[in-house]
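Worksheet for the structure shown next.
The values are calculated or read from the model by the stated rules, or taken from the named source; none is laboratory data. As the structure is a computational prediction, the values presented were derived from the model and not from experiment. Positions of Cβ are backbone-derived with ideal geometry, glycine not excepted, and every protein chain shown enters the neighbour counts.
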Amino acid sequence: MARIPLLQMSDISLTFGGDPVFDNLSLVVQPGDRVALVGRNGSGKSTLMKVMAGLVEADRGDIVVPPGISVGYMEQDPDMSGFSTLGEFASAGLEPGEMYKVERAGEGLKFDPERLVEVASGGERRRAALARLMAEAPDLMLLDEPTNHLDIEAIGWLESELKATRAAFVLISHDRAFLRELTRATLWIDRGMVRRQEKGFDGFEAWRDKIWDEEDTARHKMDRKIKAEARWAVEGISARRKRNMGRVRALKDLRSERSAMIRRQGAAELELSSGPKSGKKVMDAKGLEKVFDGKPIVSNLSITIQRGDRVAFVGPNGVGKTTLIKMLMGEVVPDAGTVTLGTNLLPAVFDQARAKLDPEMSLWDSLTGDPDMRVSGKADQVMVRGSPKHVVGYIKEFLFDERQARAPVRSLSGGEKARLLLAKLMAKESNLLVLDEPTNDLDVETLDLLQELLDDYDGTVLLVSHDRDFLDRVATTTVAMEGNGQAVVYAGGWSDYRAQRGVDAPKKEEKSKAKTEKVAKEKVVKEGLSFTEKHRLEALPGVMDRLAAEIAKLESFMADPELFTKEPLKFQKATDALVERQQALAAAEEEWLELEEKAEG
């Protein structure tokens, strides 16, 4: 039986008084779709999701949600007025007797349904909004940064729930591991254009880089052609004293086309200065004991941190990661044990609570008013790593527009607030970085750059993060805080910790079965690919490209909002063909992976 789309968007255009956020956008979300929605901070990801949810009205175009299809959206800042508790908000709209769904989600997401709305934190409110969406179980879920404010355990729970759901979902997240695990298609917003690839996030960066390389090549060719034609316009006309007006007009058209090309947004110009070296031994803790509000934070913890170490602190929310770091920094006194700090330490702190940002201050005042950045007698300059720099020039390095300089901090997005904190952090010299959830709201490109900076940083890094991919890329040591005072030191990042801890080890019977299968297949694997298999492996990329092109063509054809009503037979045939090709593409990708693994074996 043919499946009808859950949502169709046709010829959508949207502006906010300036350049279009989207123009002529068409897309289809089918039953079972698992889509990553990616793009730079400020590219319009959240806006597009609100348009899909019907919360923002487009200037032009049509959105069709068939009768009987439910669409749910996880609000970033939910309006809870009229509700007394988080559970009351999360259960709104459910049938009597279905409160158990909220309680189950609350347990997995770690929020208390009895918590009063008036005292709930922003993170608790977001988790309640996510629980509400999970309890409602709509046909299409729109999830905007659902992992923010979740610890790794809760992220794992959400990951499992989304893997098991039969609902379709579109997902915005900065968490690479989360996106890789869950998505099978990718929507990429780039300079007002939305592209789709029938591969999950794991294939996004290679796809993006290929498109950018093709753009750069085309731009370079056009520049060379304009240069050659311009030389002819000067030398040829001068020599013949006669204008070839058609060729002159063509040159003018080339220049217009070149000027219409939208340049990509550059990466933030992040730079870290490690300043003078600290002593070789940065921190030496022995026998640390701490109980806070009757809850053990650490019990008999000893750790030595050397210059250049990257130490990650992981564990559930509320387990005491920040308290432990403050003990190691000498800001909190342990109940027992000692902490010896090394010499010549220059710390710089990134605070996940954004406490150093006054929401009513402008970006300008936030920087020039910082005692560490103030330049005496210069109201328009800030001190950046020992040298004065104009405040507007400095914020431009972090991708802020000049017009934002006088805007209040509260008007910034989450990613922009994170970049502003990085601007304050990186203005000073340091040799000890304390980064408490630095990855929240940052786009993939900025995360890549931050990781590269930390790799090259000569100082020491103490890191709290729930981003598993970032931990694996950065950490050389992991302190796992597992509750009840247990804090264990492991070598390496998140995956190394899990392997050493045995958390991801398969059960005994699964191990035995895997071993039996391995022995059975060992002979075949050693022999490598047959001639037929080798030929098939070489042919599959072309097959997958053809199927992806056919899928794109069918989706474009079905984007017509009147097709369903005017040509129901054509619509059904196109839907059947689309489903068939999507299944064929998934099968081809699975076959390719199996043959690749066999070839490598």
* Asked: What number of residues within the stretch 362-380 satisfy the criterion of being in contact with a Pro (Cβ under 8 Å, 6 or more places away or on another chain) and either at pLDDT 90 or above or part of a helix (DSSP H, G or I) (or both)?
  -> 1
* To do: For Lys277, indicate whether it is among the charged types (D, E, K, R) and closer than 18 Å to Ala491 by Cα.
  => no
* Asked: Can you name the condition, by its number, that Ser495 falls short on among (1) at pLDDT 85 or above; (2) in contact with a strand residue (DSSP E or B) (Cβ under 9 Å, 6 or more places away or on another chain); (3) polar (S, T, N, Q)?
  -> (2)
* Filter result (farther than 21 Å from Ile551 by Cβ and of a type outside the set (Asp, Glu)) within the stretch 191-219 -> Arg191, Gly192, Trp212, Thr217, Ala218, Arg219
* Any hit, the stretch 523-545, residues being within 17 Å of Leu27 (Cα to Cα), at pLDDT 75 or above and aliphatic (A, V, I, L, M) -> no
* **Cβ pairs under 9 Å, 6+ apart, first in the stretch 292-321 and closer than 23 Å to Gln451 by Cα, second assigned to a loop (DSSP other than H, G, I, E, B) and among the aliphatic types (A, V, I, L, M)** => Arg310/Ala475; Val311/Ala475; Ala312/Ala475; Val314/Ala475
* Structure fact -> Exception for Leu187 within (1) of a type in the set (A, V, I, L, M, F, W, C); (2) within 29 Å of Thr15 (Cα to Cα); (3) in contact with an Asp or Glu (Cβ under 8 Å, 6 or more places away or on another chain) falls at (3)
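Determine which member of the set Gly393, Gly377, Gly386, Gly414 is closer than 26 Å to His174 by Cβ and surrounded by fewer than 19 Cβ atoms within 10 Å (Cβ to Cβ).
Gly414
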* Looking at Glu103, is it surrounded by fewer than 19 Cβ atoms within 10 Å (Cβ to Cβ) and in a helix (DSSP H, G or I)? -> yes
* To do: Answer with yes or no whether Val28 is crowded, with 16+ Cβ neighbours inside 10 Å and modelled with pLDDT of 90 or more.
  => yes
* Asked: Mind checking which residues of the stretch 281-311 are surrounded by fewer than 17 Cβ atoms within 10 Å (Cβ to Cβ) and in contact with a helix residue (DSSP H, G or I) (Cβ under 9 Å, 6 or more places away or on another chain)?
  -> Phe292
* To do: Return yes or no: is Met9 outside any strand (DSSP E or B), crowded, with 20+ Cβ neighbours inside 10 Å and in contact with a strand residue (DSSP E or B) (Cβ under 8 Å, 6 or more places away or on another chain)?
  => no
* Asked: Any idea which of Asp202, Asp190, Asp144 is surrounded by fewer than 20 Cβ atoms within 10 Å (Cβ to Cβ), among the charged types (D, E, K, R) and at pLDDT 90 or above?
  -> Asp202
* Structure fact -> Scanning the stretch 89-107 for residues that are out of contact with any Gly (no Cβ under 9 Å at 6 or more places or on another chain) and either among the acidic types (Asp, Glu) or outside the structural domain of Ala135 (by TED's automatic domain parsing) (or both) gives Glu95, Glu98, Glu107
* Filter the stretch 115-140 down to residues that are surrounded by 23 or more Cβ atoms within 10 Å (Cβ to Cβ) and either out of contact with any helix residue (DSSP H, G or I) (no Cβ under 8 Å at 6 or more places or on another chain) or part of a strand (DSSP E or B) (or both), then give me how many there are. => 2
* Could you run through the stretch 108-141 and say how many residues are among the small types (Gly, Ala, Ser) and at pLDDT 90 or above? => 6
* Structure fact -> Residue set Asn317, Asn344; condition in contact with a His (Cβ under 9 Å, 6 or more places away or on another chain) and either under 30 Å from Leu109 (Cβ atoms) or not in a strand (DSSP E or B) (or both); output residue Asn317
* State which residue is surrounded by the most Cβ atoms within 10 Å (Cβ to Cβ) when the search covers only the stretch 345-369 and only residues that are in contact (Cβ under 8 Å) with a residue 24 or more places away in the chain and more than 26 Å from Lys321 (Cβ to Cβ). => Leu363
* Does Ala499 fit the bill of being surrounded by fewer than 22 Cβ atoms within 10 Å (Cβ to Cβ), free of Cβ contacts under 8 Å to residues at least 12 places away in the same chain and on the phi < 0 side of the Ramachandran plot? -> yes
